[in-house]
Amino acid sequence: MELDGKENFKVPLLQDFSEVAVAVSPSFSNGIKKTKTMMCNIRGIKCASCSSSIESALGKIRGIENVTVSPLHGRCVINYQPQFINAKIIKEAIDGLGFDIEDFPEKDITVCRLQIKGMACTSCSEFLEHALLMVDGVKKAVVGLAIEEAKIHYDPNITDSEHLLEAIKNAGFGADIINAGDEMNKLHLKIDGLSSPEAETLVQSRLEAIEGVNLVEMDARNSKITITYDRDVTGPRSLIQCLQQAGDGFYNASVCTPPRRRETEWQQEIQIYKAQFLWSSLFSIPVFLFSMVLPMIHPYGKWLKYKVYHMFTVGMLVRWVLCTPVQFIIGRRFYSGCYHALRRGSANMDVLVALGTNAAYFYSIYIIIKSVTSDSFEGQDLFETSAMLISFILLGKYLEVVAKGKTSDALTKLTDLAPDTAFILEFDVVGSIISEMEISTQLIHRNDILKIIPGTKIPVDGIVIKGQSHVNESMITGEARPVAKRPGDKVIGGTMNENGCLLIKATHVGSETALSQIVQLVEAAQLARAPVQKLADQISKFFVPMVVFAAFITWLGWFIPGEVGGYPRSWIPRAMDGFELALQFGISVLVVACPCALGLATPTAVMVATGKGASQGVLIKGGSALEKAHKVKTVVFDKTGTLTVGKPKVVSTKLFLDLAVLEFLDKASAAEANSEHPLAKAIVEHAKKLHQQYGSHSDVLVEVKDFEVHPGAGVSGNVGNSVVLVGNRKLMLASQVPIGTEVEDYVSDNEQLSRTCVLVAIDREIAGAFAITDPLKPEAERVVSFLRSMSISSIMITGDNWATASAIAKEVGIGTVFAETDPIGKAEKVRELQMQGLAVAMVGDGINDSPALVAADVGMAIGAGTDVAIEAADIVLIKNNLEDVITAIDLSRKTLFRIRLNYVWALGYNVLGMPIAAGILFPFTGIRLPPWLAGACMAASSLSVICSSLLLQSYRKPLQLEDSGLVDDSSSV
């Protein structure tokens, strides 16, 4: 995620596999204990006897090892064993003694992801969120209807995943745990050789004794172990080695990867709906034939009209027998959903379907009873309405589930990028390779040396230490052209090595890799709700009750006029009466108006768009960022590292005092050594090169004291016996350092050449200056021009001087410039623009851009920038390419257009379908919408919305740069 180079890598805590192997003594016993410490303040302690009573009472509780209470300060320190007791129980014990506890230490909030079953529409997801938030200890709960998942933040001291599952069950839904806590720090092992409970206890106790192991879960029946561990303290290979040592080589452990639950659940759901639809069709098609087709064919019609008893015919009996399994066995899911919805005081699709099918079925039972008890009654049953309606709804749900699975294709492709195995090398003391072994990717540690042969994928993030090659990074960054890699360059896990053989050093593994972070961001984005979805949520709250009321009014509107002769008798179809006609119109209204499609309109579009954006190199953090980006009318650019390449270099040095060049460089580079600013790094690098040029290879910098950063101006510090200031005019003037004519002329001349001048003052006198240039990105001018064509203005804000900033802005075509601005000033400028009614996007890459990124309506961080900037931004541009600013805004516009179109599809079926279902056309054209056809329309509305969202998969970038061969066609991944 950073620029190629060796800087800014975290020093791993684990240096080598041999250094982290755990030596286990043969005399190891199960008596090793793991303890935690809790500190808090207790109010109400008046004397030493109070503290003694607390210590005595707590000391008797199992699991508490030691209690110390200070009667003077009321401070309490408790050492306890977490396997026996937790902080919540300790707090309750103190409360029970009559004392109040302050600063109660809550454990880090745990995140749990659950797969939810049984949600039908947005009212279900809303109710479930409310039910989860009512659980004691739950801090935040988000339920995604489209991906059928819930993400819950909770305090593990108060509740756990089992209570969450119980709350979901009580709400009327099913749930399975996807993961609880950090799944990336779990190791799943298959172990052979466990033959007794004693062996299991030995293995578990030895694993629990390893530093960094948080939890060991044994599944003796399947010979599996799940280990939760701290990646910064231990690693998978160390754990496996310890396990093998525990059995003196008798135990054989191997990594087993549990099946991806989302994919498994999706396939199971498809099979369930497919089976239900086929079984329903097996009964419904004969019902339809016996009701609509065969009565008109001789001699079947005569046989079906044969009277079994009074007016009860063979046809009625056959249709009753065939419809009943569909209504009560295959359709029982609608009864269950209806029951739970009504029990929680809401209404959803299941309520409408249950009302409609039951009305048709039990009216048909009434017809049968009348036929059996009368020798003159003639009535037409509606069994085919009930059976066909359920069949069409199940068909619609089946097609909907298939289509919904396609919306997460991009995420699935990202997840599948990482290879399963890798080749790890082992070296001797002189650096010669002594062994090469293929291991699971999950067993890679930081600092491992891996061999990447041509045509294979890179397993983890790392740095090239030997070899040259070209790496295809299109699957991560969207960049189609292979990128040259040499020693010192960084490589991303999941990318493809094209031609040469590379040796890389692993720097980021597991959840730290760029690929894992991208997947996590996309998953979070797909779960987050866009503000535009509030419309659907508000409609759904009252829509279903309104539909039930409308259906009842429709029935009355046709039944009462029919009874009093309000319309001609000829309007009623043959073999029907007025009640049946009115009932069919009412059932059709119930079914056709289901708001399922409304709830899917936004989340499906957001899912597809965020996944597509990730595959194009644009990470969008949720539906809110996606929606806000389409409103952007002004884009504010930082200069260094954003409009420019971000690798400035010193092009000239000027001395204004009688001073040795190397001495001047040493003092300037010493002052800048602690700064992260790109200009500071350029000066330090320039000093190193000149040292080498003059034959001095010392990398030892002079110590600087009282180092201070002056935001937007420069740095200062004491170097040796001198006070050194390194920065711009603003710093010199603020420090009352006089700037002579010669200095002004040098600065002015270089600024006209778009160079930045950095002044160096020693003991309040200008000693020299550096002229630094940072070349513009080749696509910058085109991007600004294209934004103008999109009616979006561009502004540049920089801490650089006015002359250089103006020259850069003129070169790229930006008319408005704010220069010599500190980080707080950048944020204030953004707010000033917002006060003018403009929706502002800020594009930056550095720590100094973070306040402005947060202040902007949409913050866009260059992917090669700092972690702070990326964390503060709403959108991350992985490729460090300004082209993706346009991609993000354009994708947002296309997505919002698609969401609005989805609402048209969803509401269009209701607005047009409800009047037709209510029979508004029937008096004029004789056209009516039978209930089974209304069910087909309802299913088609959901399917049309999902298919509309899926069209975003064909999105292509509006701007593709070809200058200097930097960017090729990167729209397809």
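What is the mean projected area of the alpha carbon convex hull for the range 696-812, to one decimal in square nanometres? Its average projected convex-hull area is 9.6 nm². The orientation-averaged projected area of the convex hull spanned by the Cα atoms of the range 284-336 comes to 4.1 nm². To the nearest 10, the accessible area of Lys957 is 10 Å² with a 1.4 Å probe. The peptide list 305-312, 321-328, 765-772, 798-805, put in order of mean Cβ contacts within 10 Å with the highest first, becomes 798-805, 765-772, 321-328, 305-312. If R₀ is 22 angstrom, what is the calculated FRET efficiency for the pair Arg569 and Tyr366, using the beta carbon separation as r and rounding to 0.05? With R0 = 22 Å, the Cβ-Cβ based efficiency is 0.50.
Modelled spin labels at Arg900 and Asn66, positioned 7 Å past Cα toward Cβ, are 6.8 nm from each other.
If we count every other residue with Cβ under 13 angstrom of Gly331's Cβ, Lys/Arg +1 and Asp/Glu -1, where does the sum land?
Cβ neighbours under 13 Å give a net charge of +2.
Amide H to amide H, with H built 1.01 Å from N, Ile178 comes under 5 Å of Arg113, Leu114, Gln115, counting only residues 5 or more places away or on other chains. Between Ile453 and Gln953, the simple spin-label model (points 7 angstrom out along Cα→Cβ) gives 3.4 nm. Evaluated over the range 660-817, the count of Lys pairs having alpha-carbon atoms less than 19 Å apart is 7 (only pairs 8 or more residues apart or interchain).
Extending 7 Å from the Cα toward the beta-carbon at both Val255 and Trp279 defines two label points whose distance is 4.1 nm.
Based on the Cβ-Cβ distance from Phe542 to His163, what FRET efficiency comes out when R0 is 22 Å, to the nearest 0.05? It comes to 0.10.
Could you look at the range 679-780 and say what percent of its accessible area is carbon and sulfur, using a 1.4 Å probe and all protein chains?
Carbon plus sulfur share of accessible area: 49 percent.
Extension gain, Ser791 to Asn499: 0.36 nm times the residue separation minus the Cα-Cα distance gives 100.7 nm. Once the C-beta distance of Glu198 and Arg486 is scaled by a Förster radius of 60 Å, the resulting FRET efficiency is 0.60 to the nearest 0.05.
Local charge for Ser722 was computed over the other residues whose Cβ lies under 13 Å away, with Lys and Arg +1 and Asp and Glu -1, and equals -3. Among 653-660, 886-893, sorting by the average number of other beta carbon atoms lying within 10 angstrom of each residue, highest first, gives 886-893, 653-660. Judged by the mean number of other Cβ atoms found within 10 Å, the most tightly packed of the peptides 215-224, 623-632, 383-392, 62-71 leads the ranking 383-392, 623-632, 62-71, 215-224.
Once every Cα of the range 869-935 carries one equal point scatterer and solvent is ignored, give the base-10 log of I(q)/I(0) from the Debye formula at q = 0.13, 0.21 Å⁻¹, two decimals. Values, matching the q order: -0.59, -0.91.
The values are calculated or read from the model by the stated rules, or taken from the named source; none is laboratory data. Just so it is clear, the model here is predicted, and its values are computed rather than measured. When we count neighbours, we look across all protein chains shown, and the Cβ atoms used for this are built from the backbone with ideal geometry, even at glycine. These accessible areas exclude ligands, DNA and RNA; they are computed on the full protein's heavy atoms, side chains included. Shrake-Rupley method; radii C 1.70, N 1.55, O 1.52, S 1.80 Å.
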